[in-house]
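A short worksheet on the structure shown next.
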Amino acid sequence: MTDPFDRRSIPISARESRWSAPDGHVIRRIDWPTAPETAKGSILFLPGRGDFYEKYLETLDHWHGLGWHVTAADWRGQAGSGRLGNDAVTGHIDDFATWVNDLAALWADWRAATPGPHVLAGHSMGGHLALRAVAEGRLDPAGVLLSAPMLGFTASVLPDPVMHTAARLMKALGDPRRPAWKWSEKPGEPPEARAHLLTHDADRYADELWWREARPELVMGPGSWGWVERAYASMRGLFAGRSLEDVRQPVLILATDNDKLVGYGAIARAAARLPNAQLVNYGTASHHEVLREADAVRVPALAAADAFLDRIAGGGEQ
């Protein structure tokens, strides 16, 4: 019997480091190396908005244990990769294209240094950016694995064009780096209701709070009005034209129509347009963080992901 995974420490098989984007911005990353001659392939995992890779150590180590070389990285401007706003907790970006450019450059360096086939994986905003980068032809993974990708907002009570126009107005009314929603009475402290948006598993949610205390640089709160407006622009752009139909890679999407953060309807519409996509809906048993859910959801979700990854590994794709 193996010992339970310690979600509150960096595995001894992993190493943390820094990668420099083409413009010199330093991005934090973590790698679980695997010998090229025995590796099934390599997975690059991208966390969501306000996330950090420590939240996904358990899942990433699981894939490494199955024989995959695994890498994860922060996004520019969050977690351990600096800040772009005017305070320590508000997440800001000038344009999502900046993140796509970072991803394309990281992918090129990473792909050249790791064994194939190469799989791109992402959660929430990370899933959105992964899918956008592939749809735009910026990278060429053998497969794409998405967890609750941010393709729409549940908070969009009106059609996206109307919501986008409202976000443009709010962005223009003041500093676009100012927070778009309230975080907590105490800056950097998550509101109590937040846990019920993310996972049914209280222990896994507590792990996130533990890491925030152990590594204060990881703490992030609301997005800026600039982030909100650019998010609508990026999501609408992904659905425009026929870029989704151009994604020929196999895509697995793990999601839930019970999601209170990202819109399941948008996920389903994207899946219907992707030529080679499988969408798995975990319904009321899951909140937003499918891969950090209670085991009743997480175990079958991992099984679906593992089966998908095995098909990629057996397909000879690079």
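The values are calculated or read from the model by the stated rules, or taken from the named source; none is laboratory data. If you're wondering where the values come from, they're calculated on a predicted model, not measured in any experiment. Cβ placement follows ideal geometry from the backbone for every residue including glycine, while neighbour counts extend to all protein chains displayed. These area figures cover heavy atoms from the full protein model, side chains too; ligands, DNA and RNA do not enter into them. Shrake-Rupley method; radii C 1.70, N 1.55, O 1.52, S 1.80 Å.
Using a Cα distance threshold of under 25 Å, what count of lysine pairs results for the chain when pairs must be 8 or more residues apart or interchain?
Lysine pairs meeting both conditions in the chain amount to 9.
Please identify, among G67, G91, G223, the residue showing maximal mean-square fluctuation in a Gaussian network model of the chain using a 10 angstrom Cα cutoff.
Maximum fluctuation in the GNM of the chain, among the listed residues, is at G67.
Any idea what % of Cα-Cα pairs in region 1-94 are farther than 20 Å?
Here the long-distance tail beyond 20 Å is 42 percent of all Cα pairs in region 1-94.
What ranking, highest mean first, results for peptides 213-222, 266-275 when packing means the other Cβ atoms within 10 Å averaged over each residue?
Peptide ranking by packing, descending: 266-275, 213-222.
Have a look at the DSSP beta bridges in the chain and tell me what percent are antiparallel, nearest 5.
Around 30 percent antiparallel, to the nearest 5.
Using θ = phi - 60° and the Karplus curve 6.51 cos²θ - 1.76 cosθ + 1.60, what whole-Hz ³J(HN,Hα) does each residue of region 292-297 get, with Gly and Pro shown as x?
Taking θ as phi minus 60°, the curve returns 10, 7, 4, 4, 4, 9 Hz for region 292-297.
From Cα coordinates alone, what are the radius of gyration and Dmax values for the chain in angstrom?
Spelled out, the Cα radius of gyration and Dmax of the chain are 18.3, 59 Å.
With a 1.4 Å probe and all protein chains left in place, how much accessible area per residue does region 1-74 have, in Å²?
43
Calculated FRET efficiency, N258 and D310, Cβ-Cβ r, R0 35 Å, to nearest 0.05?
Here the calculated transfer efficiency is 0.80.
Over the C-alpha atoms of region 222-292, what are the Rg and the largest Cα-to-Cα span, Dmax, in Å?
Rg, Dmax (Cα atoms, Å): 13.5, 35.
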